[in-house]
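Here's the structure, in structure tokens; my notes come after.
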Amino acid sequence: MPVGKRRSSLIRSPQFSSLVILIVLLAVFAIVDRNFLSPLNISNMMAFLPELGIIALGMTLLLTAGEFDLSVGAVFGLAPVVVMLLVQNGGWDIGIALLAGLVLCIAIGAINGLIVTKIGISSFLVTLSMLLVVRGAALYITQGFPLKSWDQPGFFVTLLAGSLNIGSFRFYTSLWWFIGLSLFAIYILRYAKLGNWISAIGSNRNAAVARGVPADTVKIWLFIATSVLAGLAGMISAFRISAASPVAGTGYELEVIAMVVVGGTALTGGRGTILGTIVGALMLRAIRNGIVLIGVPGLAYNIFVGLIILAMLILHALLQKNAARS
Amino acid sequence: MDVLRLQNLQKSFGSVCALKNASLTLREGEVVALLGDNGAGKSTLIKAISGVFPVDRGDIFVRGEKVSIRSTRDAMDLGIETIHQDTSLAPDLSIARNLFLGREPVNFGWLGVFAPLDLAKLRKAASEVLKRVGISKKLDADALVSTLSGGERQSIAISRAMQFAAKVIILDEPTNNLGVEETHGVLRFVKEVRDAGHSVLLITHNIHHVFQVADRIIVMRRGEIVAEQIVADTDLLTVESIITGADMSALLKEARAK
Ligand SMILES: Nc1ncnc2c1ncn2[C@@H]1O[C@H](COP(=O)(O)OP(=O)(O)OP(=O)(O)O)[C@@H](O)[C@H]1O
Ligand SMILES: [Mg+2]
């Protein structure tokens, strides 16, 4: 492909237009409120970013394969609750309890995936039911009360929620998790054989199956990966704030899907971009943070968030139409 | 030598019996046309051979050996390449990635599904395939399939079957939606493949095409094989009357008398 053509297709790509909007947004917030780019505020944003961002990586792969998962917010809440109960009431070792939490997340993802692929029910219905089951389980086993989390420093706390001061910036280990997992996801989707399969399955499942691609197995593993990432994000969050709440992560599923589609991944499958998802995650984080700083009244946040998401999606759709015409 | 032999294949979808007792043989280096009206069971038959779904009953022999085809991968490994009626490409992938879908060239193969694609090899092989097939317009191996015309997509699917030099190539209505030039391209391809010693099973509704390229005709009706004709010994009207099952003998006599 000639350089000129490649450049123009990059500029027209959805992740690029998202990036432009992100920069504009950051500039507007920075101009309206000086504190937006202060070390404290940036450190704050970077502390929250990985928790939803990590889930969004799994969701991007799942959406690219043509499925999605509404149970991630509930898994985000359940995993730390179960781990902490095992430690505090069961007297389990924290390492073993974390392992049990991992197994639980794998099981939830596997059940989602098996029902979607083997019984053929849409992932919307399956994971919506799973959301209720998982959230209900978290509420029931805690009787609705938040648990005190693991606040003794130790290997696992440092691993998941340790922090590091660089100058006046404070970085959590979770950011490294997010960066590492992002690089891995980019590699998978763009350069690995698996990524080729994921895109093909979402683009035309029958075609992929006709070429010997094990579509169901790939989907089941993607459901498992998404669930595990949601559980990991939940643990990171619980360790950071030293508390595990059964209602943690409520509504995260929609926020995560918004991040992914704002970044340019198609809800219908076949076209996914991890870079776009990272931009989308940064954008939603910046919006949530920025509108507070610029003085939008608290109860009006969601109006703005919703409108900006809608505007992004309209922009993607228009660009797509344009690209199809040229 | 029989390359492919099907014996009493049966397949039902719920109460619909799509295939009853279908048996046929495909020899080396011959083109067999599979004809029949809509819903006769042609696509069902070839989907069973290519591993899309298992048959309820019946045996499949490849080169005289009984085989069990449980997945599309099994069929491909036995040298059976199929171009399905409902297009078999992923529109959001590039031409190159489609050509090698399921058989990607990779580095570090021991990484399994996590192995990195050998992108240079992929692109090079793809442009060679495109050149060999001689698609009239020059296509870019990196172009997305969604930007191609129906005919161009069909040509890509055909070149993919060709590139893996399958023993048996099955084409389900390959000339559907094709322009005149592309149609001739497909028919030329069928002849080339036969001359190279491969066997072709061709499904089509266009009897004229059949008489141009096929050696033998097999007619299906309501899930059964109802007739077999050698192309050299038959004519268009006879075949048409067999397909519809209508009594066309009067018409036939009239036509012959002329
Ligand atoms: N997956 C399926 N589920 C249920 N019924 C099916 C399925 N596939 C095919 N059938 C039925 O089986 C019969 C044979 O269908 P098939 O697709 O094999 O026909 P065909 O000969 O290829 O027709 P056409 O020329 O229209 O392509 C039809 O009655 C069809 O409705
Ligand atoms: Mg058919």
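Quick notes on this structure:
- Residues of the range A:189-214 classified as without any contact (Cβ under 8 Å) to a residue 60 or more places away in the chain and of a type in the set (Val, Ile, Thr), total: 2
- Any hit, the range B:89-99, residues being facing another protein chain (nearest Cβ under 9 Å), crowded, with 18+ Cβ neighbours inside 10 Å and without any contact (Cβ under 8 Å) to a residue 40 or more places away in the chain: yes
- Matching residues in the range A:186-207 - criterion: being open to solvent by less than 10 Å² (accessible area, probe 1.4 Å), among the aliphatic types (A, V, I, L, M) and modelled with pLDDT of 95 or more: A:188, A:192, A:198, A:200, A:201
- The criterion of at least 3 residues that are in contact with a strand residue (DSSP E or B) (Cβ under 6 Å, 6 or more places away or on another chain) is met, among helices (runs of 4 or more DSSP H) falling completely within the range A:5-93, by A:39-64, A:72-88.
- Residue in the range A:87-94 that is in contact (Cβ under 8 Å) with a residue 24 or more places away in the chain and in contact with a Leu (Cβ under 7 Å, 6 or more places away or on another chain) present: yes
- Check on residue B:67, aliphatic (A, V, I, L, M), in contact with a Pro (Cβ under 8 Å, 6 or more places away or on another chain) and open to solvent by 10 Å² or more (accessible area, probe 1.4 Å): no
- Residue count for the range B:33-53 under the criterion of being away from every other protein chain (no Cβ under 14 Å) and either more than 16 Å from ligand 1 (Cβ to nearest atom) or surrounded by fewer than 21 Cβ atoms within 10 Å (Cβ to Cβ) (or both): the result is 3.
- If the condition is being charged (D, E, K, R) and either within 16 Å of ligand 1 (Cβ to nearest atom) or over 16 Å from the mean Cα position of the chain (by Cα) (or both), then the range B:181-232 contributes B:181, B:182, B:195, B:221, B:222, B:224, B:228.
- Residue within the range A:115-137 that is over 22 Å from residue A:221 (Cα atoms) and among the aromatic types (Phe, Trp, Tyr) present: no
- The single condition from (1) within 11 Å of ligand 2 (Cβ to nearest atom); (2) among the charged types (D, E, K, R); (3) in a loop (DSSP other than H, G, I, E, B) that residue B:47 fails is (3).
- Counting only helices (runs of 4 or more DSSP H) that fall entirely inside the range A:150-253 and contain at least 2 residues that are more than 12 Å from chain B (Cβ to nearest Cβ), the qualifying elements are A:155-161, A:173-186, A:215-241.
The values are calculated or read from the model by the stated rules, or taken from the named source; none is laboratory data. What you see is a predicted model, and the numbers here were worked out from it, not measured in a lab. So basically every Cβ, Gly included, is an ideal-geometry build from the backbone, and we count neighbours across all protein chains shown. Each accessible area value is taken on the protein alone, full model and side chains, heavy atoms only, with ligands, DNA and RNA left out. Shrake-Rupley method; radii C 1.70, N 1.55, O 1.52, S 1.80 Å.
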